[in-house]
Amino acid sequence: MNKRSFSILIVFISIWALSPAKMTETLRINSSVQTVETVIEECSNAPIGENVTCKISKAYCSYKPKVKGQPTFCNDAPYPSNDFTLLIWGKDWSKYNGKCLIVTGYNHLYKGKPEIEATSEKDVKLCSKK
């Protein structure tokens, strides 16, 4: 095993070993850049107070145009049984209702439940089909 492969392996093992939640690890190696992309399997298990990338297996999205700020709430389960919320201000993102989503952003607590506020559609991707 060469030094480069060994370094990549150490980074991969370190991230996996220190993970507080169930994670899926993906190594992507470019000709000159190595990155490790980690997607936490459930957003409700993502670390609080950190920028994370996590998965909502099935989003339950609801646009509230009459509420101040016109939010869209995408929960991991029907409200009020949800454990996680993706919040989008001022736009109707209800098109994500029923979809599997990969969300990136700062995870914080709101009324005791994890929440990420998306600032653009770049923060949200559809899960890849396998």
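We did not get these values from a lab; they are worked out from the coordinates using the rules stated. In this text, all values refer to a predicted model and were calculated from it rather than measured experimentally. Positions of Cβ are generated from backbone atoms using ideal geometry, with glycine treated the same way; all protein chains shown enter the neighbour counts.
A few comments on the model shown:
- Of all residues making up region 115-130, the number that are within 14 Å of the chain's Cα centre (by Cα) and basic (K, R): 2
- Residue ID - surrounded by the fewest Cβ atoms within 10 Å (Cβ to Cβ), chosen from residues in region 84-114 that are within 11 Å of the chain's Cα centre (by Cα) and of a type in the set (F, W, Y): Y106
- Filtered residues of region 115-124 (kept if surrounded by 11 or more Cβ atoms within 10 Å (Cβ to Cβ) and either among the aromatic types (F, W, Y) or more than 15 Å from E42 (Cα to Cα) (or both)): E117, A118, T119, E121, D123
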